[in-house]
Amino acid sequence: MIAELEYGELNDPDIILVPGGMGTRTLARDKSFLSWLTDIGTRSEIVASVCTESALLAAASLLESHRATSNKLAFEWASSFGNDVSWEYQARWIHDGCRWTSSGVAAGMDMAAALIGHLFGQEIQTEVTKRVEYQPQTDSTIDPFARFQGPR
């Protein structure tokens, strides 16, 4: 599926899911982008991020008073953003109210499955993951990568 709109053309999405990656580093200091993200995020019912994108959510003040996680290899950098974010190093993903963050790309797939279950129920979640032949980790507290990256 190809996106039909550029990010600046979005109006009032129910859900905004933003991926991470190296481009996050530049966008974390882009005042125009962060202003847009703050605006669209506050108008969305659910705001979710995969990997390092949680840094952008924090930089846009969308994680204030929320728990969040990020990729372990960039955790120190990501967790340097936000004023009142409870950063959790050992977490596959975090669901806190209307905010969802994952620790990495594969964890983002697990988080997406959990989000589908949250929105549509376990039966639909199971059907979707079965159709794409994916077996998600359903316990967000099981995070084997935290120990591989070293203690915090």
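Odds and ends about this structure:
- Residues located in the range 8-33, provided they are open to solvent by 70 Å² or more (accessible area, probe 1.4 Å) and of a type outside the set (A, V, I, L, M): Glu9, Asn11, Asp12, Asp14, Pro19, Arg25, Thr26, Arg29, Lys31, Ser32
- Members of the range 34-64 found to be open to solvent by 10 Å² or more (accessible area, probe 1.4 Å), of a type in the set (Gly, Ala, Ser) and farther than 18 Å from Gly97 by Cβ, listed by number: Ser35, Ala59
- If only residues of the range 87-128 that are under 20 Å from Pro144 (Cα atoms) and hydroxyl-bearing (Ser, Thr, Tyr) are counted, the one that is nearest to the chain's Cα centre (by Cα) is Thr101.
- Scanning the range 1-28 for residues being under 23 Å from Ser79 (Cα atoms), assigned to a loop (DSSP other than H, G, I, E, B) and either touching a residue at least 24 places away in the same chain (Cβ under 8 Å) or in contact with a Pro (Cβ under 6 Å, 6 or more places away or on another chain) (or both) gives a total of 4.
- Scope the range 89-107; condition free of Cβ contacts under 8 Å to residues at least 60 places away in the same chain and closer than 14 Å to Ile142 by Cβ; matching residues: Ala91, Arg92, Trp93, Ile94, Ser102, Ser103, Gly104, Ala106, Ala107
- Members of the range 1-30 found to be hydrophobic (A, V, I, L, M, F, W, C) and more than 26 Å from Leu119 (Cβ to Cβ), listed by number: Met22, Leu27, Ala28
- Taking first residues from the range 108-123 that are open to solvent by less than 50 Å² (accessible area, probe 1.4 Å) and partners that are modelled with pLDDT of 95 or more and among the hydroxyl-bearing types (Ser, Thr, Tyr), the Cβ contacts under 6 Å between residues at least 6 apart in sequence or on separate chains come to Gly108/Ser102; Met111/Ser102; Ala113/Thr129.
- Of the residues making up the range 70-80, not a single one is buried (at least 22 other Cβ atoms within 10 Å of the Cβ), more than 23 Å from Asp143 (Cβ to Cβ) and free of Cβ contacts under 8 Å to residues at least 60 places away in the same chain.
The values are calculated or read from the model by the stated rules, or taken from the named source; none is laboratory data. Since the structure is predicted, the reported quantities are computational estimates derived from the model, not experimental observations. Neighbour counts run over all protein chains shown; Cβ positions are idealised from the backbone, glycine included. Just the protein is used for accessible areas: all its heavy atoms, side chains included, with ligands, DNA and RNA removed. Shrake-Rupley method; radii C 1.70, N 1.55, O 1.52, S 1.80 Å.
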